[in-house]
1. List, largest first, the extents of the alpha carbons of chain B along their principal axes, each in whole Å.
2. Considering the zone a paramagnetic label at A:Ser71 would reach in this model (a point 7 Å from Cα along the Cα-to-Cβ line), which residues of segment A:20-48 have amide N under 17 Å from it?
3. When 1/r is averaged over all different Cα pairs and the result inverted, which Kirkwood radius in Å belongs to segment A:30-115?
4. In peptide B:39-50, how many Cβ atoms from other protein chains are near each Cβ within 10 Å, on average?
5. Arranged from highest to lowest average of other beta-carbon atoms within 10 Å per residue, in what order do the peptides B:107-114, B:64-71 appear?
6. Dipole magnitude of segment B:65-116 about its Cα centre, charges +1 at Lys/Arg Cβ and -1 at Asp/Glu Cβ only, in debye to the nearest 20?
7. Projecting each Cα onto the charge dipole of chain B (Lys/Arg +1, Asp/Glu -1 at the beta carbon, about the Cα centre), which of B:Pro109, B:Met15, B:Gln37 comes out farthest on the positive side?
8. From other protein chains only, count the Cβ atoms within 10 Å of every residue's Cβ in A:34-47, then give the mean.
Amino acid sequence: AQKVTQAQTEISVVEKEDVTLDCVYETRDTTYYLFWYKQPPSGELVFLIRRNSFDEQNEISGRYSWNFQKSTSSFNFTITASQVVDSAVYFCALSSYQAGTALIFGKGTTLSVSS
Amino acid sequence: EPEVTQTPSHQVTQMGQEVILRCVPISNHLYFYWYRQILGQKVEFLVSFYNNEISEKSEIFDDQFSVERPDGSNFTLKIRSTKLEDSAMYFCASKIPGQQAEETQYFGPGTRLLVL
């Protein structure tokens, strides 16, 4: 069975602090995809990044970076120099490599950034 | 930039009533999905749809639910007789199949359903 665990329910930081959101997954598949989505207070789900299981390169996009470690089944997300606009719920998700399969979401981490 | 759209944004209904939630996926996408999110909880998969038929469904997607692609653009979720516990945000998503670079589901803004 596939499972995504986001152990941090809520995180509060002050603007300009760095923050890391943890994601641990379980799957029996040898190939799979991992995702991060952002859900701002307005409620929509915004795609942030996709990683496939055979590409363990870390990725940086502006203030966002992702650390994928297959050995520990983790796909952590770091926001550098956080801003108030980063306040949202962040979901980590997993899907099989097979086309059309469902996304399995974690419970999400609520990030609050205060000024 | 193309996006998934959903209507209505909010719907209030009485228990036992039928509701139809509508989605217009991104035009060249071929996989369609419905997910739901009960307030404060995680996003849960309901059903996926490809080539005019259901390709996968979850335990939540029981006989009360049905999906349809009535024309070339719309994708609908029908709940036949709503229950209080159907109150949730319902998200539609779509995806291009096949190539690795396109294995991302893009979500609509959601329909918030409240069953009284």
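Nothing in this text is a laboratory measurement; each read-out follows from the coordinates by a stated rule. Predicted, not measured: the structure shown is a model, and the values here were computed from it. Methodologically, a virtual Cβ is constructed for each residue, glycine included, from the backbone with ideal geometry; neighbour enumeration extends over all protein chains shown.
1. 43, 26, 25
2. A:25, by backbone N distance to the label point.
3. By the Kirkwood definition, the hydrodynamic radius is 13.7 Å.
4. Mean inter-chain Cβ contacts per residue within 10 Å come to 4.
5. In descending order of packing, they fall as B:107-114, B:64-71.
6. I would put it at about 200 debye.
7. Value: B:Met15.
8. If you average over the peptide's residues, the count of other-chain Cβ atoms is 4.
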